[in-house]
Structures are given as C-alpha cells and as structure tokens.
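The values are calculated or read from the model by the stated rules, or taken from the named source; none is laboratory data. These figures come from a predicted structure and were not determined experimentally. Cβ placement follows ideal geometry from the backbone for every residue including glycine, while neighbour counts extend to all protein chains displayed. Protein only, heavy atoms only, side chains kept; ligands, DNA and RNA dropped before computing areas. Shrake-Rupley method; radii C 1.70, N 1.55, O 1.52, S 1.80 Å.
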Amino acid sequence: MPTSQHPLIECIQGDIAAQNDIEAVINAANAQLQPGGGVAGALHRAAGPELARAGRDLAPIRPGQAVITPGFNLPNAHVIHCLGPVYGVDEPSAELLASCYRHALDLAEQHSIQRIAFPALSTGVFGYPMEEAAEIAISTVLTSLANCSTLELVRFVLFDEASLAVYQRWLEQMTDAT
Ligand code: AR6
C-alpha cells in the first residue's frame with residue numbers, strides 16, 4: 001500500500017517498468033544510455049530497441065546529469081535518464097546523487113509532467129547504501145517540490161520490502177519535522 005505522509009509523495013514496492021499511471025519514469029542509467037542490469041535492463045526491455053537508439057544521440061552523460069527521451073513501448077510517455085554516482089568513486093557522491101533528483105524534477109517541470117516515478121538511484125550496481133541514498137532522495141525531492149508548479153505526484157518505486165521500509169521511515173521523519 002502507498003504511504004501518504006506528504007500530499008505529493010508516495011512510496012511503493014514494485015517494478016519501475018510497470019508504472020502504468022505515470023507520465024515519466026526515471027532510469028538508473030549508464031553513461032552511454034544503453035541497456036544494462038537492474039532498472040536500466042527492465043526499462044529497455046519494456047521500451048524496446050528504440051530507447052537505446054534515442055540514447056545514442058544524447059550520450060554520454062555525466063554523473064548527476066539527466067536527459068529525457070520518449071518511453072516508446074513503455075506505458076509512460078517519457079523516460080528521464082539519470083546517471084547516479086558510483087559510491088566512493090564519483091565524488092562528492094551525495095551532491096551528485098542529489099543533483100540527479102533535482103535535474104529530473106527540473107526536466108519534468110519543463111515538460112509539464114504531472115506524475116513521475118523514481119527508482120532508488122545508485123543503490124544497486126553503483127553501491128550506494130540504501131539508508132544514505134534514501135535520505136538524500138527524500139530530502140532533495142521535498143526541497144525541490146517547494147518550487148515545482150506542475151508536479152502532482154512523485155512516486156518512489158522500491159524493489160524490495162526492506163528498501164520500502166527505509167524510504168517510508170525517512171519520509172515520515174522528514175515530513176513530521178516540517
Ligand atoms: N524496479 C524497481 N527497482 C529496481 C528494479 C526494477 N525493475 N530492478 C532493480 N531495482 P540499479 P544503479 C532496484 O543497479 O545502482 C545498470 O546496469 C535495485 O534493487 O538498477 O544506479 C546501469 O546500466 C536498486 O535498489 O542502478 C548502470 O550501469 C535500485 O533499483 C548501473 O546499473 C538501483 O539499482 C546503474 O546502477
């Protein structure tokens with residue numbers, strides 16, 4: 001069940017490639033915007049080969065950057081591709097991870113997107129500890145939403161129950177504190 005400690009933010013357990021009611025899904029991309037494992041694998045499989053072709057024109061991207069493409073065969077009109085930092089390698093990691101969330105939300109605003117879904121960027125292959133990554137994700141989105149006018153829903157889609165619990169706790173803590 002989604003949580004609703006904030007009117008515009010929810011956290012669910014699920015698959016980022018199966019968010020049928022969302023206009024833009026965020027990809028945990030690689031610099032070349034090509035298929036990979038985890039999130040990038042799931043989104044490219046569901047979108048079809050045109051997504052990789054669209055990526056070729058925009059690649060490479062740098063850690064912290066975000067670019068937008070159509071969603072092709074996905075149920076979503078857009079994919080926003082973010083290159084998260086590799087933990088302990090791309091520094092400052094926390095700033096680069098926050099920058100991914102900020103740039104993704106900026107792109108959503110520019111394209112008048114109302115409903116957006118994020119996976120837990122950098123917490124898989126890129127090794128970012130879930131606890132630290134969740135704190136950055138939630139705090140950055142909360143701060144950025146204050147300046148957004150078109151966004152109506154930011155959904156965090158977590159792959160497993162443990163990650164969902166971490167996100168829910170941070171969301172609760174930070175919305176109680178404000
Ligand atoms: N839906 C939602 N979350 C998922 C899914 C899914 N289908 N699959 C995995 N996760 P990752 P990164 C979770 O590795 O760390 C790729 O190969 C996963 O459990 O996808 O940013 C790219 O090509 C983890 O918590 O992204 C890049 O090279 C989180 O999503 C590199 O990996 C992110 O895991 C990007 O690494």
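Details
- Against the chain, whose longest principal axis is taken from its Cα atoms, helix 38-47 shows a tilt of about 60°.
- Three-way shape label, region 33-146, alpha-carbon gyration tensor, a/c 1.5: oblate
- Counted by Cβ distance under 15 Å from Ile16, the other residues give a net charge of -2, where Lys and Arg count +1 and Asp and Glu count -1.
- Over all other residues within a Cβ to Cβ distance under 13 Å of Arg102, the charged ones net out to -3, with Lys and Arg as +1 and Asp and Glu as -1.
- Shape of region 1-82, Cα gyration tensor, a/c cut at 1.5: prolate
- Taking the 1.4 Å solvent-accessible surface of the chain as the whole, the part contributed by carbon and sulfur is 52%.
- Ordered from highest to lowest accessible area with the whole protein assembly present and a 1.4 Å probe, Val39, Val125, Val89, Val154 read as Val125, Val89, Val39, Val154.
- For the chain, the longest principal axis of the alpha carbon atoms and the long axis of helix 161-177 meet at an angle near 50°.
- Surrounding net charge for Leu74, when Lys and Arg each add one and Asp and Glu each subtract one, Cβ distance under 13 Å: -3
- Nearest-10 value in Å² for the accessible area of Val67, using the 1.4 Å probe: 20 Å²
- A 1.4 Å probe, protein heavy atoms only, puts the accessible area of Asp21 near 70 Å².
- Residue with peak Gaussian network fluctuation, the chain [Cα springs, cutoff 10 Å], from Arg155, Arg53, Arg102: Arg53
- Once the C-beta distance of Asp106 and Ile12 is scaled by a Förster radius of 25 Å, the resulting FRET efficiency is 0.60 to the nearest 0.05.
- Computed with a 1.4 Å probe over protein heavy atoms only, the accessible surface of the chain comes to 45 Å² per residue.
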